[in-house]
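**Q** Starting off with a structure, shown below.
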Amino acid sequence: MGTNHSSETIILPLSAQRQRNLPASAAFGWLAKGWHDLWHSPGTSLAYGLAIFAISIAIIWGLFEFELDYILLPALAGFMVVGPFIAIGLYQKSRAIEKGKEPRLSRMFFVKSASGAQVWYTGAILCLLMLVWMRAAVIIYALFFGLRPFPGLDHVVAMLFMTPYGWAMLTVGTIVGGLFAAFSFAISIFAVPMLLDERTDAFTAMGLSISLVWNNLPVMLMWGAIVLVLFLLSAATGLLGLILVFPLIGHATWHSYRAIR
């Protein structure tokens, strides 16, 4: 009497399919791979970083020139919102290295994505998020200090750290800004590389990005902390550090996408 063996295909829940079980320390591996890509034809990555630095300085100069310095701090925080999109050229370089091709600066600045215009649609959404955050920051200031004119950067430290209203505003601003940063990070960190690499639409990519972040939370929290620390170090150098740090983060982000996707 024979025994019948039936083979069944086990379908895992969607959340389990997107759980990579990577340790938090894997984020440092992405950073190491990003460092390797940076120094593969380093002139291209450093030129990209230099362009980002120059544009950032030009924007800051414009804020002071048109007496909009009161939105400088929110604008610097907003840079974190659009960062994953403006690093698209660095993803392109890492992708080329992965395929054994020689990276070209022209292709980094004039990227052709597999999803066509969908990637630019995602970029527009991130820019809109940044503008909403900056408007929210101005409203938060007005809620605590009313119509009092901005005292200037030379007095802002005393205003924030030596008054009860300053501490309250910092608390509320940090919470609201953190929510904006977390949301923009979740929808874009994998969406932009995905749209570059695969043929899909913006909303599918952003939704999948959120799912991948949520289902791999420990390593993504570590990666977010690393990005934040490196950006703060760049800010401490008057943004000069962006020339090196921005390409490093961009290349490493590509490898985070490859590891998680």
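The values are calculated or read from the model by the stated rules, or taken from the named source; none is laboratory data. Here the structure is a predicted model, which is why all the values come from computation and not from measurement. Note: ideal-geometry Cβ built from the backbone for every residue, glycine included; neighbour counts use all protein chains shown.
**Q** Can we say residue 143 is surrounded by fewer than 14 Cβ atoms within 10 Å (Cβ to Cβ) and in contact with a helix residue (DSSP H, G or I) (Cβ under 9 Å, 6 or more places away or on another chain)?
**A** Values: surrounded by fewer than 14 Cβ atoms within 10 Å (Cβ to Cβ): yes; in contact with a helix residue (DSSP H, G or I) (Cβ under 9 Å, 6 or more places away or on another chain): yes.
Spelling it out, residue 143 is indeed surrounded by fewer than 14 Cβ atoms within 10 Å (Cβ to Cβ) and in contact with a helix residue (DSSP H, G or I) (Cβ under 9 Å, 6 or more places away or on another chain).
**Q** Here's another thing I want to ask about it. Could you tell me how many of the residues in region 195-231 are polar (S, T, N, Q) and closer than 20 Å to residue 111 by Cβ? Break it down into steps so the answer makes sense when it comes.
**A** Our first condition is that a residue be polar (S, T, N, Q); within region 195-231, this holds for 200, 204, 209, 211, 215-216.
If we keep only those that are closer than 20 Å to residue 111 by Cβ as well, we get 200, 204, 209.
So the answer is 3.
**Q** Hey, among 234, 209, 184, which residue is in contact with a Gly (Cβ under 8 Å, 6 or more places away or on another chain), hydroxyl-bearing (Ser, Thr, Tyr) and part of a helix (DSSP H, G or I)? Explain how you work it out, then say what you get.
**A** Details: 209 fails: in contact with a Gly (Cβ under 8 Å, 6 or more places away or on another chain); 184 fails: in contact with a Gly (Cβ under 8 Å, 6 or more places away or on another chain).
One residue alone meets the criteria, 234.
**Q** Would you call residue 48 within 18 Å of the chain's Cα centre (by Cα), more than 22 Å from residue 232 (Cβ to Cβ) and surrounded by 15 or more Cβ atoms within 10 Å (Cβ to Cβ)?
**A** On the way: within 18 Å of the chain's Cα centre (by Cα): yes; more than 22 Å from residue 232 (Cβ to Cβ): no; surrounded by 15 or more Cβ atoms within 10 Å (Cβ to Cβ): yes.
No, not satisfied.
**Q** Out of 148, 135, report the one residue that is basic (Lys, Arg), without any contact (Cβ under 8 Å) to a residue 60 or more places away in the chain and assigned to a helix (DSSP H, G or I). I'd like the intermediate steps shown before the answer.
**A** Working: 148 fails: assigned to a helix (DSSP H, G or I).
None of the other options fit; the residue is 135.
**Q** Return the residues of region 31-84 that are among the hydroxyl-bearing types (Ser, Thr, Tyr) and in a helix (DSSP H, G or I); say none if nothing qualifies. Before the answer, list the steps.
**A** The initial filter retains those residues of region 31-84 that are among the hydroxyl-bearing types (Ser, Thr, Tyr), namely 41, 44-45, 48, 56, 70.
The answer is 44, 45, 48, 56, 70.
**Q** For region 208-236, how many residues meet the condition of being free of Cβ contacts under 8 Å to residues at least 12 places away in the same chain and either in contact with a helix residue (DSSP H, G or I) (Cβ under 9 Å, 6 or more places away or on another chain) or more than 24 Å from residue 77 (Cβ to Cβ) (or both)? Let's see the steps before the verdict.
**A** So in region 208-236, the residues free of Cβ contacts under 8 Å to residues at least 12 places away in the same chain come out as 217, 225, 229, 232, 236.
Now narrow it down to the ones that are either in contact with a helix residue (DSSP H, G or I) (Cβ under 9 Å, 6 or more places away or on another chain) or more than 24 Å from residue 77 (Cβ to Cβ) (or both): 225.
Of the residues in that region, 1 qualify.
**Q** Something else: Just to be sure before I move on: is residue 185 of a type in the set (Phe, Trp, Tyr) and within 25 Å of residue 135 (Cβ to Cβ) in the structure I sent? It would help to see each step written out before you state the result.
**A** Numbers: of a type in the set (Phe, Trp, Tyr): yes; within 25 Å of residue 135 (Cβ to Cβ): yes.
Yes.
**Q** Could you please find all residues in region 107-120 being buried (at least 16 other Cβ atoms within 10 Å of the Cβ), in contact (Cβ under 8 Å) with a residue 40 or more places away in the chain and not in a loop (DSSP other than H, G, I, E, B)?
**A** Within region 107-120, 108, 118, 119 qualify.
**Q** List every residue pair whose Cβ atoms sit under 9 Å apart, with the two residues 6 or more apart in sequence or on different chains, where the first one lies in region 167-191 and is under 29 Å from residue 201 (Cβ atoms) and the second, anywhere, is β-branched (Val, Ile, Thr) and loosely packed, with under 15 Cβ neighbours inside 10 Å.
**A** 180/132
**Q** What are the residues in region 93-106 that are assigned to a helix (DSSP H, G or I) and over 20 Å from the mean Cα position of the chain (by Cα), if any? Quick ask: steps written out before the conclusion?
**A** We begin by selecting, within region 93-106, every residue assigned to a helix (DSSP H, G or I); these are 93-98, 105-106.
96, 97, 98, 105, 106 - these are the residues of region 93-106 that are assigned to a helix (DSSP H, G or I) and over 20 Å from the mean Cα position of the chain (by Cα).
**Q** The conditions are (1) under 18 Å from the mean Cα position of the chain (by Cα); (2) under 30 Å from residue 66 (Cβ atoms), and residue 194 fails exactly one of them. Which is it?
**A** Evaluating residue 194 over (1) under 18 Å from the mean Cα position of the chain (by Cα); (2) under 30 Å from residue 66 (Cβ atoms) leaves (2) as the failure.
**Q** For region 17-27, which residues satisfy the criterion of being assigned to a helix (DSSP H, G or I) and surrounded by 14 or more Cβ atoms within 10 Å (Cβ to Cβ)? First the steps, then the outcome.
**A** At the first step, the residues of region 17-27 found to be assigned to a helix (DSSP H, G or I) are 17, 26-27.
Across region 17-27, the qualifying residues are 26, 27.
**Q** Do we find that residue 78 is crowded, with 22+ Cβ neighbours inside 10 Å, under 20 Å from the mean Cα position of the chain (by Cα) and either modelled with pLDDT of 95 or more or more than 24 Å from residue 182 (Cα to Cα) (or both) in this structure?
**A** For residue 78, the condition - crowded, with 22+ Cβ neighbours inside 10 Å, under 20 Å from the mean Cα position of the chain (by Cα) and either modelled with pLDDT of 95 or more or more than 24 Å from residue 182 (Cα to Cα) (or both) - is not met.
**Q** Can you tell me which residues in region 86-105 are within 17 Å of residue 30 (Cα to Cα), buried (at least 20 other Cβ atoms within 10 Å of the Cβ) and either of a type in the set (A, V, I, L, M, F, W, C) or modelled with pLDDT under 95 (or both)?
**A** Listed by number, the residues that qualify are 87, 88, 90.
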